[in-house]
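Only one structure is covered here, and it is reproduced in the block below.
The values are calculated or read from the model by the stated rules, or taken from the named source; none is laboratory data. Computed from a predicted structure; not experimentally measured. Note that each Cβ is placed from the backbone with ideal geometry, even for glycine, and that neighbours are counted across all protein chains shown. Just so you know, the surface numbers come from the protein's heavy atoms only, side chains and all, with ligands and any DNA or RNA stripped out. Shrake-Rupley method; radii C 1.70, N 1.55, O 1.52, S 1.80 Å.
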Amino acid sequence: MSAMRRLILTGVCSLALVLTIGLGVSAASNGKGIGPLLHTRPAAARAGSGTAPTPHKEFTGTPFEFDPIHTGIVAADWVKHLGLPQDSDKNRFGLILSKNGTTPTNASAGLVVHGVKDLHLTELGFDVRNGGHCGAGAPRFNVVTSDGVTRFYGCVYGTHSPNTPAPGWQRVRFLTNVSYPGAPAITGGLTVTSISVVFDEGTDIGPDFSGMVVLDNIDINGVLIGAPGES
């Protein structure tokens, strides 16, 4: 084979290889660039200090709708542009929980928190958008501990910081070494079995009678969940 033919063949093979890689990246990223291929872990958990969370401090949350008799009155979802502005969350996800019916109806909406098994829990909380419901029973944290006890942390009982972290919102926090109605203090030897956020108070409960709430920055030990993530 002449030197000229070898040069031409080498050039053709190189071009084919470049085109093959380019098409593969385009198909795998669904036209959204190579970023999704390089970052396989969800950015659902954000450290409260703004620093990157360490692996043992990463939590995610999955919305749920419990409606065994098919009433169709509950809804739970992460919705774009309902949440707080976040440098790391351009979509501004907010968690909307709604019960569009009476409280006694056997139905609820909420969020199951993943990654908390055997956790030594010290702090819980969320940011609540003004205009929604913040009652004694909803939204609340249901925390099951290693002693088999379920503790209930109702929104109204937490420490409230109005206009925090932004106007139109209030930050609600619970310290688990303190007792609340329905939630005895968690002693040092206890760990967590499960954590969920539950919303089951309806349009018959004041003072807002809204039957709904928008939450953001679900706080587990200072780590914030503010967007959808993987189970």
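Values for this structure:
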quantity: Candidates F209, F199 - the one that is within 22 Å of L82 (Cβ to Cβ) and surrounded by fewer than 17 Cβ atoms within 10 Å (Cβ to Cβ); calculated: F209
quantity: Residue among S108, S161, S98 that is surrounded by 19 or more Cβ atoms within 10 Å (Cβ to Cβ), among the hydroxyl-bearing types (S, T, Y) and out of contact with any Ser or Thr (no Cβ under 9 Å at 6 or more places or on another chain); calculated: S108
quantity: Condition check for T176: farther than 25 Å from W78 by Cα and modelled with pLDDT under 95; calculated: no
quantity: Count - residues of the range 85-109 that are at negative phi and under 13 Å from the mean Cα position of the chain (by Cα); calculated: 6
quantity: Residue within the range 130-143 that is under 20 Å from the mean Cα position of the chain (by Cα) and open to solvent by 50 Å² or more (accessible area, probe 1.4 Å) present; calculated: yes
quantity: Matching strands (runs of 3 or more DSSP E) fully within the range 73-143 where at least 3 residues are not hydrophobic (A, V, I, L, M, F, W, C); calculated: 94-99, 108-114, 123-129
quantity: Flag if R92 is within 30 Å of S179 (Cβ to Cβ) and of a type in the set (K, R); calculated: no
